[in-house]
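Following: one structure in structure tokens, then a few remarks.
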There are 4 protein chains.
Amino acid sequence: MAAGRDTGDVEEVEAGLRSDTARVIGFSDAVFAIVITLLVLDLSVPEVTPGGMPHALLEQWPVYLAFGTSFLYVAVNWLNHKGTFLRVRCADRGLDWANLGVLFGVTLLPFVTALVSRAVEKGDVSDERIAIGAYALLGVLLSATWMWLYHYLHRRPELRQAGVPRRFFAAERLRALFGVAAYAIAGLVGWWVSVPVALVVFLLLPLFYGLSSNGSYEIRRRIRRRG
Amino acid sequence: MAAGRDTGDVEEVEAGLRSDTARVIGFSDAVFAIVITLLVLDLSVPEVTPGGMPHALLEQWPVYLAFGTSFLYVAVNWLNHKGTFLRVRCADRGLDWANLGVLFGVTLLPFVTALVSRAVEKGDVSDERIAIGAYALLGVLLSATWMWLYHYLHRRPELRQAGVPRRFFAAERLRALFGVAAYAIAGLVGWWVSVPVALVVFLLLPLFYGLSSNGSYEIRRRIRRRG
Amino acid sequence: MAAGRDTGDVEEVEAGLRSDTARVIGFSDAVFAIVITLLVLDLSVPEVTPGGMPHALLEQWPVYLAFGTSFLYVAVNWLNHKGTFLRVRCADRGLDWANLGVLFGVTLLPFVTALVSRAVEKGDVSDERIAIGAYALLGVLLSATWMWLYHYLHRRPELRQAGVPRRFFAAERLRALFGVAAYAIAGLVGWWVSVPVALVVFLLLPLFYGLSSNGSYEIRRRIRRRG
Amino acid sequence: MAAGRDTGDVEEVEAGLRSDTARVIGFSDAVFAIVITLLVLDLSVPEVTPGGMPHALLEQWPVYLAFGTSFLYVAVNWLNHKGTFLRVRCADRGLDWANLGVLFGVTLLPFVTALVSRAVEKGDVSDERIAIGAYALLGVLLSATWMWLYHYLHRRPELRQAGVPRRFFAAERLRALFGVAAYAIAGLVGWWVSVPVALVVFLLLPLFYGLSSNGSYEIRRRIRRRG
């Protein structure tokens with residue numbers, strides 16, 4: 001720890017430099033809740049001639065798939081966020097900024113999701129490639145902001161709950177780094193090789209993060225218990 | 001209880017596997033609040049020639065009915081959610097997932113509601129049937145996620161508040177199973193027999209759940225008291 | 001108090017029939033926040049030919065006035081809600097329903113506000129009258145739900161905070177009854193006599209409720225203090 | 001302190017004239033969260049002929065810049081709000097009104113942001129000038145409401161947390177006054193001299209407020225520590 005940073009806990013709270021996490025959690029929960037709910041606005045009722053609704057609804061399948069995927073993605077980000085802040089004792093300005101970075105990425109999800117679903121619906125390859133690229137770019141950005149958050153918490157032991165293993169946030173940072181790489185590769189594959197392969201990877205990544213959302217610590221622990 | 005699941009309460013909280021319910025409640029409240037408020041976005045001001053508003057507003061009656069029904073449906077889901085989590089002491093990852101399942105269904109309500117109201121407004125029978133089918137399907141899905149949540153709480157006594165009767169969540173699970181059956185039957189009736197009959201059932205079901213939203217336990221208790 | 005209603009406080013909380021007000025407050029705050037924010041969605045950027053924006057923005061003046069009025073109206077409802085629940089100790093199912101009634105009215109505000117502003121913008125008298133009527137109807141409905149809430153709290157002393165004067169909610173109920181009458185009269189005036197007069201009343205009523213939002217008790221108390 | 005204002009703390013809380021800040025914080029967090037999330041609704045997927053998406057997406061660059069700037073602006077307002085209310089012990093009606101003033105300004109941000117981005121996209125100078133003027137006007141309004149809030153807290157020591165330096169909110173008020181002046185000047189520059197210069201100032205001001213969002217007290221303190 002750098003000198004002068006971890007001294008004077010009481011003094012810092014008094015000066016308003018540190019606070020408990022209630023407010024950053026309440027604000028983030030509201031953002032997650034709004035993003036996960038706004039996704040449904042993209043499920044529009046098709047304007048059709050009478051009797052044309054069944055066909056028009058079926059043609060919208062990429063929109064439904066995008067809705068499901070995005071819901072899962074936001075849900076997993078919320079679970080990650082919950083798992084992270086369970087282990088945080090208090091927040092300072094730096095943690096607030098890193099958290100705002102994560103929320104920035106989450107807020108953009110409905111937009112890139114709509115890009116992909118519209119492009120797939122229309123079926124033009126050059127449109128699909130640009131949409132896949134935008135989605136991958138957001139995945140990279142979002143993973144990078146998680147890395148920033150985990151790195152910050154790794155470097156500030158004074159913000160962590162007592163009893164959180166020393167290596168916990170270092171391992172989480174690695175998990176986020178994996179996301180940066182995976183979204184970058186999926187984007188390149190979608191651009192140069194195959195759009196459907198990239199879409200499948202986009203579907204699988206949230207599943208992976210959902211299963212590991214409570215930290216690799218939990219996974220190892222579960223395996224150990226069952227063994 | 002399976003061995004190894006109910007041991008080490010303190011240890012589990014420390015490891016972040018269990019948490020109090022504040023966060024899952026705050027997030028769910030925000031989702032319920034947004035869905036119940038977004039419904040109003042479907043009440044659009046009709047674009048008419050000057051003087052045409054009275055007639056255009058009256059023609060929208062299915063939209064108003066749908067707004068009222070959906071508001072009631074979301075309200076009842078919120079009351080159910082509140083009644084449920086009053087009896088929950090702490091949350092683990094499995095409960096978070098079951099709760100996200102419920103929220104997934106709730107989030108889709110404005111979409112299927114809009115489908116039904118538009119179809120009834122246009123008056124084409126084949127459109128109405130597909131809309132009724134979609135609404136019934138969502139009702140089945142939402143009831144099924146409630147079943148999942150109740151089943152999970154029935155199997156995990158360690159997550160319940162002290163003093164909650166042992167059979168409480170088993171009875172709730174049955175109440176949710178009834179919803180699965182009722183929405184499925186209403187959907188089939190709407191499809192094969194009569195659209196209006198299905199619509200009336202859709203209106204009555206939230207009323208039933210509203211009256212029983214604090215658990216059948218309460219109903220029996222009230223009857224007993226009055227007797 | 002009716003026999004059998006005020007007995008067994010602990011027992012009732014255990015049975016989940018009563019709860020603290022945290023959740024009903026959190027949910028209501030989210031609804032108020034969303035409604036007050038959704039109002040801005042009606043301030044659309046006019047689609048004009050280059051150079052036409054200044055004129056088009058000025059022509060939208062009824063929309064700005066409606067935005068300001070509605071913001072004030074929702075704000076005053078929130079202040080009323082805060083003032084009310086400061087005096088509530090715990091919530092039961094009946095209070096939840098009355099509160100959902102208030103939220104139902106609040107949720108409809110953006111719709112009737114948009115009706116009025118569009119009608120005034122277009123300038124057709126028959127459209128204006130129907131819009132004024134709809135707005136007045138909502139004002140009546142919303143005041144009536146407040147009456148319901150205050151009446152419920154007046155009849156249930158066991159739900160009130162210690163130290164709340166016995167007549168507090170009876171006085172509040174009267175204040176709400178005044179709203180029912182005022183909105184009804186304003187609606188009739190708008191319909192039969194003059195649209196502008198009704199609009200001015202719609203503007204003044206939230207101001208009155210804002211000034212008295214902490215209960216007539218406070219007003220009398222302030223006057224007494226200054227005297 | 002004026003006689004009769006700071007007496008009888010307990011009595012005032014009992015009368016509902018004062019309350020803890022939980023509710024005003026919860027409501028404000030929800031408003032901030034919704035505004036910061038609604039901004040994304042302006043990022044629409046362009047309706048283009050197949051293959052036209054890459055070009056159409058690139059042409060939208062002012063919209064992306066506006067999204068980023070507004071996100072930053074709302075984030076900084078939230079940080080300011082958090083920094084402020086960390087130092088507030090309880091709220092009275094006057095503080096609620098000042099806070100609603102700040103939220104009023106924040107709520108209007110998506111509208112003026114959309115005005116600017118559309119005008120820049122279209123490229124007509126007279127449209128750009130009116131949009132710049134509207135944005136500057138909102139900046140002035142928002143800074144003025146912050147001044148109101150800080151002034152109120154400066155005058156009511158009984159609302160502040162223990163240990164908050166006596167001059168803290170006086171310094172903050174000055175910081176807000178600087179905002180009033182800066183936005184006014186930027187608006188005049190945009191109107192009479194150069195649109196791009198005004199846009200750059202609009203981008204820089206939130207950065208300044210972000211860096212100083214925990215009060216000038218913190219900045220001086222940090223400098224002192226490093227020295």
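The values are calculated or read from the model by the stated rules, or taken from the named source; none is laboratory data. Every value quoted in this text rests on a predicted model; they were computed, and no experiment measured them. Here Cβ is always computed from backbone atoms with ideal geometry, including for glycine, and neighbour counts include all displayed protein chains. Note: accessible area is taken over every heavy atom of the protein model, side chains too, but ligands, DNA and RNA are not part of it. Shrake-Rupley method; radii C 1.70, N 1.55, O 1.52, S 1.80 Å.
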The size of the Cβ-based charge dipole (Lys, Arg +1; Asp, Glu -1) of the stretch D:89-151 about the Cα centre, to the nearest 20 debye, is 160 debye
Most fluctuating of B:Leu109, B:Leu41, B:Leu159 in the GNM of chain B (C-alpha, under 10 Å) is B:Leu41
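Using a cut-off of 12 Å between beta-carbons, work out the net charge of the residues near C:Tyr64 (Lys and Arg +1, Asp and Glu -1, C:Tyr64 not included). Please report the intermediate quantities before stating the final value.
Values: positive: none; negative: C:Asp42, C:Glu59, C:Glu121.
Within the 12 Å Cβ shell, the charges total -3.
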Surrounding charge for A:Ala198, neighbours by C-beta under 12 angstrom, Lys/Arg +1, Asp/Glu -1, total 0
Measuring from the longest principal axis of the C-alpha atoms of chain A, the long axis of helix A:61-85 (C-alpha) lies at a number of degrees, nearest 10, equal to 0 degrees
Between B:Arg89 and B:Asp20, the two model label points (7 Å from Cα along the beta-carbon direction) sit apart by a distance in nm of 1.4 nm
Note to self: C-alpha centroids of the stretch D:128-163 and the stretch D:21-53 sit apart, in Å, by 23 Å
Taking A:144-152, C:53-61 and ranking on average Cβ neighbours within 10 Å, highest first, one gets A:144-152, C:53-61
Longest principal axis of chain C (C-alpha) makes with the long axis of helix C:195-211 (C-alpha) an angle, in degrees to the nearest 10, of 40 degrees
Heavy-atom accessible area of B:Lys122, protein chains in place, probe 1.4 angstrom, given in Å² to nearest 10, is 110 Å²
Shielding of C:130-136 by other chains, given as the mean Cβ count within 10 Å, works out to 2
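Taking all protein chains as present, what is the carbon and sulfur share of the accessible area of the protein assembly as shown, in % to the nearest whole number, probe 1.4 Å?
Carbon-and-sulfur percentage of accessible area, whole number: 67.
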Note on the stretch A:87-182: contact order normalised by length, alpha-carbon pairs under 8 Å, 6 or more apart, percent, works out to 38 percent
Partner shielding of B:44-55, as the mean number of partner chain Cβ atoms within 10 Å, equals 5
Treating only Lys and Arg (+1) and Asp and Glu (-1) as charged, each at its beta carbon, one finds that chain D has a dipole about its Cα centre, in Debye to the nearest 20, of 1300 debye
With DSSP loop assignment and no more than 16 other C-beta atoms within 10 Å, the trypsin sites (Lys or Arg not before Pro) in the stretch A:130-177 are A:Arg166, A:Arg167
If one compares the long axis through the Cα atoms of helix D:22-38 with the longest principal axis of the Cα atoms of chain D, the angle in degrees, nearest 10, works out at 10 degrees
In Å, the Kirkwood estimate of hydrodynamic radius for the stretch D:80-127 over Cα pairs equals 13.3 Å
Computed, not fitted: 222 nm per-residue ellipticity of chain D from DSSP H runs ≥ 4 (each -39500 (n - 2.57)), nearest 500, equal to -25500 deg cm²/dmol
The correct pairing of chain B residue and whole-Å distance, for the Cβ nearest the axis that maps B onto C, is B:Ala30, 4
GNM of chain C, Cα pairs under 10 angstrom: of C:Ser44, C:Ser28, C:Ser194, the biggest fluctuation goes to C:Ser44
Probe 1.4 Å, heavy atoms of protein chains only: per residue, the accessible area of the protein assembly as shown in Å² is 41 Å²
FRET efficiency (B:Leu203, C:Leu65; Cβ distance; R0 25 Å; to 0.05) is 0.10
Row for the protein assembly as shown, column shape: gyration tensor on C-alpha, a ≥ b ≥ c, rounded if a/c < 1.5 i.e. under 1.5, prolate if a/b over b/c, else oblate; value rounded
at B:Asp20 the sorted inter-copy label distances (label 7 Å from Cα on Cβ side), in nanometres, are 0.8, 0.8, 1.1
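If Lys and Arg each add +1 and Asp and Glu each add -1, what is the summed charge of the other residues whose beta carbon sits under 10 Å from the beta carbon of C:Val120?
Taking every other residue near C:Val120 into account, the sum is -2.
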Rounded to the nearest Å, the spacing of the alpha-carbon centers of the stretch B:74-115 and the stretch A:55-93 is 15 Å
Chain B: relative contact order from alpha carbon pairs under 8 Å, six or more residues apart, as a whole percent, is 23 percent
In square angstrom to the nearest 100, the accessible surface buried at the B/A interface, both sides summed with a 1.4 Å probe, amounts to 3600 Å²
Of all lysine pairs in the protein assembly as shown that are eight or more residues apart or on different chains, those with Cα atoms under 30 Å apart total 10
Quick calc, the protein assembly as shown, dipole around Cα centre from Cβ unit charges on Lys, Arg (+) and Asp, Glu (-), nearest 20 debye, gives 3840 debye
The farthest towards the positive end of the charge dipole of the protein assembly as shown, of the residues B:Ala91, C:Ala131, D:Leu199, given +1 on Cβ of Lys and Arg and -1 on Cβ of Asp and Glu, is B:Ala91
